[in-house]
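Take a look at the structure set out below.
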Amino acid sequence: MDKCYMAVNKKTGEFFGGKKQRTHIGYPKLNFLKSAMTNARVNKDEYYFVSISFDENMFPHVNDID
């Protein structure tokens, strides 16, 4: 299963969406996501990190990775 990594704000429930257009929600690797957050000067402690993947039946699996 391929995974997509996302960050969700602990207070607002909003996804981190990148620095400029805020349209890049999912990242293929956790370190790509964390680097984007660092570049956007976002406090990573304010976010939950989750991964989402799909099994062979396209059933989604969401995991907390904190």
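The values are calculated or read from the model by the stated rules, or taken from the named source; none is laboratory data. Nothing here was measured: the structure is a model prediction, and the numbers come from that model. Virtual Cβ from ideal backbone geometry, glycine too; neighbours counted across all protein chains shown. These area figures cover heavy atoms from the full protein model, side chains too; ligands, DNA and RNA do not enter into them. Shrake-Rupley method; radii C 1.70, N 1.55, O 1.52, S 1.80 Å.
Scoring Asp45 on the criteria (1) touching a Ser or Thr at 6+ places or on another chain (Cβ under 9 Å); (2) modelled with pLDDT of 90 or more; (3) open to solvent by 100 Å² or more (accessible area, probe 1.4 Å) leaves a single failure, condition (1). The condition (being in contact (Cβ under 8 Å) with a residue 40 or more places away in the chain and farther than 12 Å from Ile65 by Cβ) is satisfied by just one residue among Phe15, Phe54: Phe54. Only residues that are in a helix (DSSP H, G or I) and either more than 12 Å from Ala7 (Cβ to Cβ) or in contact with a strand residue (DSSP E or B) (Cβ under 7 Å, 6 or more places away or on another chain) (or both) were counted across region 37-66, and they come to 3.
Residues that are open to solvent by less than 80 Å² (accessible area, probe 1.4 Å) and either in contact with an Asp or Glu (Cβ under 9 Å, 6 or more places away or on another chain) or within 11 Å of Cys4 (Cα to Cα) (or both) were ranked within region 20-36; the one that is modelled with the lowest pLDDT is Ile25.
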